[in-house]
Amino acid sequence: GWARYGIPPSGPMDPVAMAIANRLVGNPVGSAALEITLTGPVLRAYGDLLIAVCGAEFDVWVERLNVPLWCSVFVRDGAVIKFSTCHRGMRAYLAVAGGIQVPTFLGSAATYLPAGFGGLGGRALTTGDQLHIGEHPVSDLALRAGQRWPMERRPTYHSPPTLRVVPGPQADVFEPDTTARFFDSCYKVTTQSNRMGIRLSGPTLMPHHAASMVSDGVIAGSIQVPPDGQPIVMMADHQTTGGYPKIATVIWPDLPLIAQCLPGTDVRFRSISWQQAVEAHRAARARWGL
């Protein structure tokens, strides 16, 4: 609700995985959790905990026990939680019963690293940090352990993904053959990607004239085409306005798919109508239980 003042939404890159992790431990879906990107942390429990890890396929260990993902897990006081190899995907989410307690900024617990606000001092976690956990209404956390989120109710991560899109607000500044090239081609996720946007490389997309447009609103999923003709999919930390033409917009249910793409992953796009997008949104929320 702060975009009018230039504040990005921030929050999880894969909001579905984080919401499911919170559901598994009995939290509201918007409770603060940890986003873990490629390299996992080593954590120690100070008190009994109930945790769940969803999203990217990490090996997660509680002491010497390799614990399952998409499942609630009881962790005893003093136990060490360790993330090791990531076999597939990019980002995992660790939720803890009671939620992670940090001061809210503009009504949010999210960390926005570029501006250094939110979360724990506006920064990524480092060695020695301690996180406080809120109270949970269930006194015996062990009784909630072992609950699995059904496979059919998880996002269908696959590589390479085909992302469904609706036309962007400046789709008309691209010639029909340029638009056809966009949908017929394969694009590759580059190493310049980050939480602000997923940068892609592939066939060049140029507007039919050097559009000098007034900056307008940007949302997660907007596909901007900068002067080099290489598209960028805007993500959680996207700027609130932009002056590059937007050829298309990735629909909300498919944002988790690109959020989990490693650099080098191929990505394709498929055009759908806005009516189909609305139906896909409703169907995804019903399937995921959100």
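The values are calculated or read from the model by the stated rules, or taken from the named source; none is laboratory data. Please read all numbers here as calculations on a predicted model, not as lab measurements. Here the Cβ positions follow ideal geometry from the backbone for every residue, glycine too, while neighbour counts run over all protein chains shown. Just the protein is used for accessible areas: all its heavy atoms, side chains included, with ligands, DNA and RNA removed. Shrake-Rupley method; radii C 1.70, N 1.55, O 1.52, S 1.80 Å.
Assorted remarks:
- Meets criteria (open to solvent by less than 80 Å² (accessible area, probe 1.4 Å), in a loop (DSSP other than H, G, I, E, B), under 21 Å from TRP288 (Cβ atoms) and hydrophobic (A, V, I, L, M, F, W, C)) for ALA52: no
- Inter-residue pairs, beta-carbon under 7 Å, first within 18 Å of ALA259 (Cα to Cα) and assigned to a loop (DSSP other than H, G, I, E, B) and in segment 25-48, second open to solvent by less than 60 Å² (accessible area, probe 1.4 Å) and of a type in the set (A, V, I, L, M), 6+ apart: ALA33/MET18; ALA33/ALA21; ALA33/LEU94; ALA33/ALA95; ALA33/ILE100; LEU38/MET90
- Any hit, segment 97-104, residues being of a type in the set (A, V, I, L, M, F, W, C), in a strand (DSSP E or B), open to solvent by less than 40 Å² (accessible area, probe 1.4 Å) and closer than 26 Å to HIS238 by Cα: yes
- So SER193, is it in contact (Cβ under 8 Å) with a residue 24 or more places away in the chain, open to solvent by 50 Å² or more (accessible area, probe 1.4 Å) and touching a strand residue (DSSP E or B) at 6+ places or on another chain (Cβ under 7 Å): no
- Yes/no for ASP59 being assigned to a strand (DSSP E or B), free of Cβ contacts under 8 Å to residues at least 60 places away in the same chain and not aromatic (Phe, Trp, Tyr): yes
- Here ILE251 fulfils each of the conditions (1) in contact (Cβ under 8 Å) with a residue 12 or more places away in the chain; (2) more than 22 Å from GLY11 (Cβ to Cβ) apart from (2).
- Every pair of residues 6+ apart whose Cβ atoms lie under 8 Å, when the first sits in segment 81-93 and is on the phi < 0 side of the Ramachandran plot and hydroxyl-bearing (Ser, Thr, Tyr) while the second is modelled with pLDDT under 95 and surrounded by 12 or more Cβ atoms within 10 Å (Cβ to Cβ): SER84/GLY40
- Within segment 276-290, the set of residues being open to solvent by 70 Å² or more (accessible area, probe 1.4 Å) and farther than 24 Å from ARG181 by Cα comprises GLU279, ARG282, ARG285, ALA286, ARG287.
- Every residue from segment 8-30 that is buried (at least 21 other Cβ atoms within 10 Å of the Cβ), farther than 30 Å from GLY242 by Cα and among the small types (Gly, Ala, Ser): ALA21
Table: residues versus (1) modelled with pLDDT of 95 or more; (2) small (Gly, Ala, Ser).
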{"position": "ALA3", "(1), (2)": "no, yes"}
{"position": "PRO9", "(1), (2)": "no, no"}
{"position": "LEU43", "(1), (2)": "yes, no"}
{"position": "ASP48", "(1), (2)": "no, no"}
{"position": "VAL60", "(1), (2)": "yes, no"}
{"position": "ILE81", "(1), (2)": "yes, no"}
{"position": "THR85", "(1), (2)": "no, no"}
{"position": "ILE100", "(1), (2)": "yes, no"}
{"position": "SER108", "(1), (2)": "no, yes"}
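- Any hit, segment 206-228, residues being at pLDDT 95 or above, surrounded by 21 or more Cβ atoms within 10 Å (Cβ to Cβ) and of a type in the set (Ser, Thr, Tyr): yes
- Test: residue in segment 205-214 that is without any contact (Cβ under 8 Å) to a residue 24 or more places away in the chain and more than 26 Å from PRO12 (Cβ to Cβ): yes
- Residues satisfying the stated conditions in segment 124-173, i.e. part of a loop (DSSP other than H, G, I, E, B), open to solvent by less than 50 Å² (accessible area, probe 1.4 Å), closer than 30 Å to SER271 by Cα and in contact (Cβ under 8 Å) with a residue 40 or more places away in the chain: ARG154, PRO155, PRO161, GLY168, GLN170
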